[in-house]
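Worksheet for the structure shown next.
The values are calculated or read from the model by the stated rules, or taken from the named source; none is laboratory data. As the structure is a prediction and not an experimental result, all values here were calculated from the model. Counting neighbours? That spans all protein chains shown, and the Cβs are built from the backbone with ideal geometry, glycine included. Keep in mind that these areas ignore ligands, DNA and RNA; they rest on the heavy atoms of the full protein, side chains included. Shrake-Rupley method; radii C 1.70, N 1.55, O 1.52, S 1.80 Å.
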Amino acid sequence: MRSRYLFVPTLVVFTVMAGSAGQAPSGIIEGKVTYTGTPPKMKPIDMHQEPVCAKEHNPPLEIQNVVTGPGNALKYVVVYISAGEPSSTAPSEPVRFDQKGCMYVPHILAMKAGQVLQIYSNDPFGHNIHPMPKRNPEWNKSQPSGSMPINTSWANPEFIEVKCDIHSWMHGYFAVLNTTHYAVTDGNGNFSLKGLAPGKYAVTSWQEKYGTQSQEVVFTGTEMKNINFVYKVTP
């Protein structure tokens, strides 16, 4: 007697897990930026012009041109890949820059050239934003309290000083870079750059008062390299 049942072949699915053969290797650079010498004494910021902000910062904040941390750490140093990386498009996600308590937050904001920058104001009074580029168009815009964010972008890489013409102590930088691999050091001077393909790279650090330093790093596969930058500072 013939069977009434049909044979149905079983579908076998092979799943390729992340990190298995075929995945491109990527490297990581980690390190720290420190200083030798005597750093300058940063002056307290006088915000008596805006009592609301003055009350918000007690004790007063200090100027942020040179910010140090434990173990001779340097904060707000931009570390980035300056050579060796293939060209790439700007990320679709915007970067955010805030004006809060009459300060720029963060003091240094890094982004890829062409990436959208959104500038917000959280204060109950107006500001004006005045970037002073050398390789991009200069502009100066007011931003009243409660207004929508200002959307902009920079086509050419450079470090752009930005200030508020209403509040003279408000000062910072936009680090417009030709790379998606960048970091700004934290209060302990630490930085990390991830996802680097095999190749030879130049890694550069930039500090607004003391300039740049560069080192070469070579990746042959999935590796972690540790490099440090040391700045000689003066009062």
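Summary of values
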| quantity | calculated |
| --- | --- |
| Residue satisfying condition, being assigned to a loop (DSSP other than H, G, I, E, B), β-branched (Val, Ile, Thr) and in contact with a strand residue (DSSP E or B) (Cβ under 7 Å, 6 or more places away or on another chain), within set Thr204, Thr180 | Thr180 |
| Residue list for the stretch 110-147, restricted to those being open to solvent by 20 Å² or more (accessible area, probe 1.4 Å) and under 19 Å from the mean Cα position of the chain (by Cα) | Gly114, Val116, Gln118, Tyr120, Met132 |
| Long-range neighbours under 6 Å by Cβ, at least six apart or interchain, first residue aromatic (Phe, Trp, Tyr) within the stretch 124-151, second surrounded by fewer than 15 Cβ atoms within 10 Å (Cβ to Cβ) | Phe125/Ser145 |
| Gly172 vs. criteria in contact (Cβ under 8 Å) with a residue 60 or more places away in the chain and in a loop (DSSP other than H, G, I, E, B) | no |
| From Pro51, Pro91, Pro44, residue being within 22 Å of the chain's Cα centre (by Cα) and either exposed (fewer than 15 other Cβ atoms within 10 Å of the Cβ) or aromatic (Phe, Trp, Tyr) (or both) | Pro91 |
| Output for the stretch 104-123, where each listed residue is touching a Leu at 6+ places or on another chain (Cβ under 7 Å) and part of a strand (DSSP E or B) | Ala110, Met111, Lys112 |
| Residue check for Met103: open to solvent by 10 Å² or more (accessible area, probe 1.4 Å), of a type in the set (A, V, I, L, M, F, W, C) and more than 19 Å from the chain's Cα centre (by Cα) | no |
| All positions within the stretch 78-88 that are crowded, with 17+ Cβ neighbours inside 10 Å and not in a strand (DSSP E or B) | Gly84, Glu85 |
| Residues located in the stretch 156-181, provided they are under 15 Å from Lys100 (Cα atoms) and more than 19 Å from the chain's Cα centre (by Cα) | Cys164, Ile166, His167, Ser168, Trp169 |
| Of all residues making up the stretch 187-235, the number that are surrounded by fewer than 16 Cβ atoms within 10 Å (Cβ to Cβ), within 18 Å of Asn65 (Cβ to Cβ) and in contact (Cβ under 8 Å) with a residue 40 or more places away in the chain | 5 |
| Test: residue in the stretch 65-77 that is surrounded by 17 or more Cβ atoms within 10 Å (Cβ to Cβ) and closer than 21 Å to Gly195 by Cα | yes |
| Ser153 vs. criteria open to solvent by 20 Å² or more (accessible area, probe 1.4 Å), polar (S, T, N, Q) and at pLDDT below 95 | no |
| Positions within the stretch 37-66 being of a type in the set (Asp, Glu) and assigned to a loop (DSSP other than H, G, I, E, B), in sequence order | Asp46, Glu50 |
